[in-house]
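The block underneath contains the structure these notes are about, expressed in structure tokens.
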Amino acid sequence: MTQDLYFDDNAKSLQSSEYKIYATPVSSLPYIDNVNVRSYLLERPRGNIIIYNSSGIDKVSTEIEKKGVPMGLFLNHHHEAMFGKPDMDLSIWINKKDEPEADIPITNSFLNEKKIGDDLEIIPTPGHTPGTTSFLWDNGAQRFLFQGDSIWYQDGEWKAVVLGDSDRSAYIKSLEVMEKLDFDFIIPWGVEEGSPAGYAISKEEKIVIFDKMIERLKAGKNH
């Protein structure tokens, strides 16, 4: 059975894994207690990239650059801009629909689904915010879904995150899209302290997880 992906919450350096995924030190999410966020460096033959913004990028910028200057920092949604622009000279990508709310300089924006090389899919999954976007990466052996804040694991259960300005109908459609994707791991932006950074999900588990969230959102609940 594939194991969940763990990184040390107390680490001060860039942490490696067997999957060519490197994790920055954690940053605390200011509006939820005991929740940490990380940025992830993906080691790719066609150019490394960073998924998710956090203050951890600056803490390990020298280590990141030693592996090759990343071709870009990809934001899942505009809330990540709260951590500011990294000091590194990075091309910053975000969905056009979230660009107006991102209070950092954006270099590249996208609107529709696209691919970066033959291993990284950019998949719009609006609902949490208008431009929330998931990233599906194939490292050659496993596939990883970086879905940001669209869903996360809290109190032993996978939950959606419907805010006051979220679009419930779009959210439900996006969950239906994600349910059909082929992936082995889900890697949220934020996780509870001491929790896995990435969760191994079987095809059978995926159906149960997403069906429950879709059912709750259709019933008017916010998770």
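Here are a few things to note about the model shown:
- Scanning the range 156-180 for residues that are open to solvent by less than 60 Å² (accessible area, probe 1.4 Å) and of a type in the set (K, R) yields one hit, K159.
- Matching entry among T132, T107 (being of a type in the set (S, T, Y) and closer than 28 Å to R216 by Cβ): T132
- Flag for I123 being among the β-branched types (V, I, T) and in a helix (DSSP H, G or I): no
- The single condition from (1) touching a Lys or Arg at 6+ places or on another chain (Cβ under 9 Å); (2) charged (D, E, K, R); (3) more than 28 Å from E43 (Cα to Cα) that D165 fails is (1).
- Test result for S17, open to solvent by 80 Å² or more (accessible area, probe 1.4 Å), hydroxyl-bearing (S, T, Y) and without any contact (Cβ under 8 Å) to a residue 24 or more places away in the chain: no
- Hits in the range 105-131 - residues which are surrounded by 18 or more Cβ atoms within 10 Å (Cβ to Cβ) and under 18 Å from G84 (Cα atoms): I106
- Selected residue (criterion: nearest to V208 (Cα to Cα)) from residues of the range 132-155 that are open to solvent by 40 Å² or more (accessible area, probe 1.4 Å) and in a strand (DSSP E or B): Y153
- Pick from the range 181-223, criterion in a loop (DSSP other than H, G, I, E, B) and over 24 Å from Y19 (Cβ atoms), ranking: least open to solvent (accessible area, probe 1.4 Å): G220
- Just so you know, in the range 72-93 the residues that are in a loop (DSSP other than H, G, I, E, B) and more than 21 Å from D119 (Cβ to Cβ) include one that is nearest to the chain's Cα centre (by Cα), and it is H77.
- Here the range 72-102 is the region considered, the condition is being among the aromatic types (F, W, Y) and within 17 Å of T125 (Cβ to Cβ), and the residue that is most open to solvent (accessible area, probe 1.4 Å) is W93.
- Residue among N36, N10 that alone is over 25 Å from E121 (Cβ atoms) and in a strand (DSSP E or B): N36
- Pairing each residue of the range 63-81 that is without any contact (Cβ under 8 Å) to a residue 60 or more places away in the chain with any residue that is assigned to a helix (DSSP H, G or I) and open to solvent by 10 Å² or more (accessible area, probe 1.4 Å), provided the two are 6+ apart or on different chains, yields C-beta distances under 7 Å for H78/E101.
- Qualifying positions in the range 20-33 - in a loop (DSSP other than H, G, I, E, B) and touching a residue at least 12 places away in the same chain (Cβ under 8 Å): K20, T24, P25, V26, L29, P30, I32
- Of everything in the range 191-219 that is under 15 Å from A160 (Cα atoms) and free of Cβ contacts under 8 Å to residues at least 24 places away in the same chain, the residue that is nearest to the chain's Cα centre (by Cα) is V208.
- Candidate set from the range 57-71 (those that are in a helix (DSSP H, G or I) and among the charged types (D, E, K, R)); member that is most open to solvent (accessible area, probe 1.4 Å): K66
The values are calculated or read from the model by the stated rules, or taken from the named source; none is laboratory data. Small disclaimer: the values here were computed from a predicted structure and weren't measured. For neighbour counting, all protein chains shown are included, and Cβ atoms are generated from backbone atoms with ideal geometry for every residue, glycine included. Side chains are part of the model used for accessible areas, which takes the heavy atoms of the whole protein and leaves out ligands, DNA and RNA. Shrake-Rupley method; radii C 1.70, N 1.55, O 1.52, S 1.80 Å.
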